[in-house]
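Step one of this worksheet: look at the structure below.
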Amino acid sequence: MISKLEVCIDSISGLEACIKGKADRIELCSSLECGGLTPSDELMKLASEANIPSRVMIRPKKGSFVYSPEDLNQMFDDIDKARSYNLDGVVFGATLLNGELDQVFLDELMSHSYGFKKTLHRAVDTIPNTIEAVEVAINLGFDTILSSGGFQTAVEGLAVLKVMKKRASGRIEIMPGSGINLQNIGEILSDCDFAWLHSSCSILRQGNKITDTQTMKDIKNAINL
């Protein structure tokens with residue numbers, strides 16, 4: 001099975017690296033150091049001009065995934081912006097104060113995201129039972145779940161991710177993400193074929209993490225051996 005690579009970026013240089021490295025899909029963000037927030041209009045516009053499908057992170061603030069009615073309106077506006085640039089999809093998640101997924105809030109976002117492909121992001125990794133998110137996401141209408149299996153990294157949560165994929169049974173994509181790099185990609189794919197993998201493809205340069213074209217090419221080669 002040939003896997004595809006989604007690359008998360010938060011800058012124009014990251015977008016350029018994705019074009020050169022031939023990413024299969026881009027997750028557009030700002031502030032990756034905070035786990036990713038809604039990207040700038042400029043980045044959405046430039047991504048719309050690239051010949052790569054892009055999904056837009058819809059997350060108006062850092063911290064928890066518990067949102068207010070004001071946050072919902074902001075997220076509606078951000079979804080509308082993504083639609084105005086004719087981008088491929090959106091990425092969001094929301095939880096209740098008790099830690100469970102906020103299905104009512106998510107249903108509102110799903111309804112407003114008509115015409116988009118939709119990823120449920122790593123809010124699923126903060127809930128008590130990540131595996132249960134599979135049925136919730138399917139019932140809401142998501143086509144993809146981005147998850148580390150409830151752990152800090154996808155390698156640590158690999159056993160859970162495999163169970164999630166089995167539970168999904170082809171009804172939704174389970175896309176491992178968090179800490180995926182050239183050194184551990186083989187372990188992740190060793191006995192479980194995931195159709196999509198998510199990585200920042202970054203390297204440390206002068207104290208800053210940057211998206212690296214060669215790293216992207218190397219990871220794409222490794223997952224398709």
Residues whose built amide H sits under 5 Å from the amide H of residue 95, excluding neighbours closer than 5 in sequence, are 65, 66, 67, 102
State to the nearest 20 debye the size of the charge dipole of segment 127-169 about its Cα centre, where the only charges are +1 on K and R beta carbons and -1 on D and E beta carbons.
180 debye
Hydrodynamic radius of segment 62-162 per Kirkwood, over alpha carbon pairs, in Å:
14.0 Å
So for R0 = 22 Å, FRET eff. of residue 139-residue 34 from the Cβ-Cβ r, to 0.05, ends up at 0.15
Over the chain, calculate the relative contact order: mean separation of alpha carbon pairs under 8 Å at least 6 apart, over the residue count, as a percent.
20 percent
Can you give the Kirkwood hydrodynamic radius for segment 4-223, in Å, rounded to one decimal and based on Cα pairs?
17.3 Å
Diffusion constant of segment 53-103 at 10 °C, which comes from Stokes-Einstein with the Kirkwood Cα-pair radius and 1.306 mPa s, µm²/s
136 µm²/s
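Normalised by the empirical 2.2 N^0.38 Å for globular proteins, what value does the Cα Rg of segment 158-215 take? List each step's numbers first, then the result.
On the way: Rg = 13.6 Å, N = 58, 2.2 N^0.38 = 10.3 Å.
With N residues counted in segment 158-215, Rg over 2.2 N^0.38 Å equals 1.32.
Do the sum for the chain: with -39,500 (n - 2.57) for every DSSP H run of n ≥ 4, divided by all residues, what is the mean residue ellipticity at 222 nm, to the nearest 500 deg cm²/dmol? Mind showing how you got there, number by number?
Working: 8 runs with 79 residues, N = 225.
My calculation for the chain gives -10500 deg cm²/dmol from helical runs alone.
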Treating only the Cα positions of segment 89-142 as identical point scatterers, give the base-10 log of I(q)/I(0) from the Debye formula at each q in 0.13, 0.21, 0.26 Å⁻¹.
-0.26, -0.69, -1.05
Estimated inter-spin distance, residue 224 and residue 209, nm [label 7 Å along Cα→Cβ]
2.5 nm
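None of the figures in this text is laboratory data; all of them are computed from the coordinates on show. Keep in mind it's a predicted model, so treat the numbers as computed, not measured. Note that each Cβ is placed from the backbone with ideal geometry, even for glycine, and that neighbours are counted across all protein chains shown.
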